[in-house]
Amino acid sequence: MGRKSFRFVSLLLASLSLLIAAPLAADEFRSPSLTALRVDWRAALDQLRVEINSRPQIAGDFIFAPRRSVPRYDPRAMPALVQLNAISSRFFTGITRSPVPVLLPFDAAAYLEAQRSGAPATLALSRYQADFSPVDMFDAGPAGYSATFSLEPGAGEGMPSRVFARPVEVQITGSALVYDIADPSGGKGEPVKMLAAIYPDLRKFIREGYVRYAFTRFGVAYVVSIQCLDSVARPRRLACKEAYPVAERFLKALRVAGGQRMRPLTDITSNIIDRPAARSPDFSYRPSGDIIPNTGYRKQGGHSDTIAYAQIRFPLEKAPAFVRSQSYGKRDKSEGLTTYPWRDNFCESRSFEVWQCGGGYGHQGEDIRAADCPPPGEGRAPCDPKQHGVVAVRDGIVIRAAKDQAATLQVNSRTEHIRFRYMHMNPQAMNADGVLNGRVVSEGEKIGVISNYLDHPAGTSMHLHFDVQVFTRDGWIWVSPYVTLVSAYERLIHARGREVGPDIAGASQPVAHALPEDVLKPDLREGSSGEEN
């Protein structure tokens, strides 16, 4: 039996065993399952050799023969990569932390050749990046790397004109960890004929508001994506048809820019998570997926999911806090916005794509409200309703441009590759506090306060929108954060909550390994995009 056939059978058996296993108790939560990919560094070195040899003037500077006297995972075992990292580190800080080959639109050989020829130091870096601006964000860590670049309006020789008047932002992630989620839409897409010679398994598809190009190289999962709207071109909204040539220019420009061989990661199995033994006298919550009736997309129900995708610190500084609908709270007349039990609002009706939600559209996360300030009284600490603190849920790196009203925290470790997004905090306040691209924060560190910002002050009610994305072979995908928040809140109050309310129709999503890409048929899926509220 071949290696691919064996892996397919193994994953299929794992999926079936989970499907037929005894169901969880109603209030038990599980951790996610992840697959660790094996990196083929020799193949990466072969590609680097081809790229370097295309510039004969500097080809002799690189040493491709391995040093036999050093351990296999010592960087010196691949001296050409050490030399490449020394060049790339000037522009991509921390590139040596990536355990996967870093593909970027940076032509290190052309840059080095220009320096050798006496090119002025004032030449723009975009000259060596297919006209893409210097990197907006770069993060490398034990799971892989992510980077964001921009193409300014009018930049790029030979590019078609476009209506969209702002820079086009392109993201790339390469990861040796992929989350195994039961995903009927996963693995689909259509080939890109003009790039087939470079990327034989390249898939192009529109999903959750992004056009995405997914491929495998050196055993690693890579996804290039651009947020776009699948509609006619507009000056303030990028149409996906305008994004295609930008993404394809980016893909053509990708070169091996660095990275470092490290010990392989290991698969992570799903397990029942530990929760506090003591019971809370007051904290209660409705089951995952139990949204307010008729508030889902086209009156569909919520999504039941018993996965706690990460063990996080609760995002609000203090308890009590309440996960409640901000858009449909008035329909839930039995309970107020700042009372228990909590109620799931993931998948409430919105115009944003979310694969887990019925019909493919819904609310991408959970709305959280802090407790009201109590009446002033003797012995009570002062309470300012506009100063409820928001904290980092984990140690991680911030992804945020200065104009964004959303801040994303990325965790990149040997066991996780996950993102947490916070919305509705004031952009000016976040800028003043340095909550910007590249900021490293520690779990529990205050990063803002609950606010009501949505394009402008007082654009929404006072609450925090919080959501979770995990990396899959289709890129970053939204998943339900409800159970993740329930378990985090229990750790905050050191007590286990009580699940209340009716049973949810339909079983919880099983934890299942994704099928290998080579057994999935391509199929383009169209959609639309937008910004969460």
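The values are calculated or read from the model by the stated rules, or taken from the named source; none is laboratory data. Just so it is clear, the model here is predicted, and its values are computed rather than measured. Neighbour counts are summed over all protein chains in view; Cβ atoms, including those assigned to glycine, are modelled from backbone coordinates with ideal geometry.
Being out of contact with any Phe, Trp or Tyr (no Cβ under 6 Å at 6 or more places or on another chain) and without any contact (Cβ under 8 Å) to a residue 60 or more places away in the chain is the filter; apply it to segment 223-239 and report the residue that is nearest to Val50 (Cα to Cα).
Filtering segment 223-239 for residues that are out of contact with any Phe, Trp or Tyr (no Cβ under 6 Å at 6 or more places or on another chain) and without any contact (Cβ under 8 Å) to a residue 60 or more places away in the chain, the one nearest to Val50 (Cα to Cα) comes out as Ile226.
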Item to check | Pick from segment 129-148, criterion assigned to a loop (DSSP other than H, G, I, E, B) and of a type outside the set (A, V, I, L, M, F, W, C), ranking: surrounded by the fewest Cβ atoms within 10 Å (Cβ to Cβ) | outcome: Pro134
Checklist entry - Going by the conditions given, is Lys204 out of contact with any Pro (no Cβ under 7 Å at 6 or more places or on another chain) and surrounded by fewer than 17 Cβ atoms within 10 Å (Cβ to Cβ)? => result no
Next on the checklist: Just to be sure before I move on: is Gln311 under 25 Å from Glu28 (Cα atoms), of a type outside the set (Lys, Arg), out of contact with any strand residue (DSSP E or B) (no Cβ under 8 Å at 6 or more places or on another chain) and not assigned by TED's automatic domain parsing to the domain that holds Glu208 in the structure I sent?
Outcome noted: yes
Checklist outcome for this item: Reported set for segment 425-452 where residues are under 19 Å from the mean Cα position of the chain (by Cα) and part of a loop (DSSP other than H, G, I, E, B) is Val435, Leu436, Asn437, Gly438, Arg439, Ser442, Glu443
Checklist entry - Can we say Pro457 is touching an Asp or Glu at 6+ places or on another chain (Cβ under 7 Å), at pLDDT below 95 and on the phi < 0 side of the Ramachandran plot? => result no
Checklist entry - Just to be sure, is Ala239 more than 30 Å from Leu84 (Cβ to Cβ), of a type in the set (A, V, I, L, M, F, W, C), assigned by TED's automatic domain parsing to the domain that holds Tyr145 and surrounded by fewer than 21 Cβ atoms within 10 Å (Cβ to Cβ)? => result yes
Checklist entry - Restricting attention to segment 399-439, which residues are within 23 Å of Gly475 (Cα to Cα) and of a type in the set (Val, Ile, Thr)? => result Ile399, Thr408, Val411, Thr415, Ile418
Checklist outcome for this item: Flagged pairs (Cβ under 9 angstrom, 6 or more apart or on separate chains; first in segment 149-178, among the polar types (S, T, N, Q) and assigned to a loop (DSSP other than H, G, I, E, B); second at pLDDT below 95 and surrounded by 22 or more Cβ atoms within 10 Å (Cβ to Cβ)) are none
Item to check | Conditions (1) in contact with a His (Cβ under 8 Å, 6 or more places away or on another chain); (2) within 30 Å of Gly174 (Cβ to Cβ); (3) acidic (Asp, Glu); number of the one not met by Glu353 | outcome: (1)
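Looking at this structure, is Gly219 buried (at least 23 other Cβ atoms within 10 Å of the Cβ), over 19 Å from the mean Cα position of the chain (by Cα), under 27 Å from Tyr73 (Cβ atoms) and not β-branched (Val, Ile, Thr)?
When the stated conditions are applied, Gly219 does not pass them.
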